[in-house]
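These notes are about the structure you will find just below.
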Amino acid sequence: MLITINDKELLMAKRLILHGVVQGVFCRYYCSETAKRLGLHGAATNLYDGTVEVLLDTDDAALVDSFIHALKTNPYDIRFYGSISRVDSSDYQGTMRGDYRF
């Protein structure tokens, strides 16, 4: 959901930080494909601390929960060679950023 403040469009979104074996294992692709199946748009970025940041263009808590559950269970049998041990979720207000957009 977009809001405009001082002529700048800001995204009302969710920010997820994925912990575990999440870099170099197709995690951003996995997030992208999972999000597409749920009708979500966003971006994923590898962070320097070994985690992956996912920004989701939604403020629908149930949809975010469905996305997190799908990431943990892989019901769509999407190629992913890692494991997600923890997901931290927070609200995000800002511009969409990320090196892997979906």
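Given D99, D49, D65, which one is touching a strand residue (DSSP E or B) at 6+ places or on another chain (Cβ under 7 Å) and surrounded by fewer than 16 Cβ atoms within 10 Å (Cβ to Cβ)?
On inspection, the qualifying residue turns out to be D99.
Give the range 34-46 a look and list any residue that's in contact (Cβ under 8 Å) with a residue 60 or more places away in the chain and surrounded by fewer than 20 Cβ atoms within 10 Å (Cβ to Cβ), or say none.
Correct list: K36, H41.
Which of the strands (runs of 3 or more DSSP E) found entirely inside the range 1-60 contain at least 1 residues meeting this: modelled with pLDDT of 95 or more and either more than 15 Å from R101 (Cβ to Cβ) or polar (S, T, N, Q) (or both)?
Hits in the range 1-60: 8-21, 42-46.
For the range 45-54, state whether one or more residues are out of contact with any helix residue (DSSP H, G or I) (no Cβ under 6 Å at 6 or more places or on another chain), over 10 Å from K14 (Cβ atoms) and among the hydrophobic types (A, V, I, L, M, F, W, C).
Yes, the conditions are met somewhere in the range 45-54.
The values are calculated or read from the model by the stated rules, or taken from the named source; none is laboratory data. The shown structure was predicted, so the numbers you read here are calculated from the model rather than taken from an experiment. Ideal geometry is used to build each Cβ from the backbone, glycine not excepted, and the neighbour counts take in all protein chains shown.
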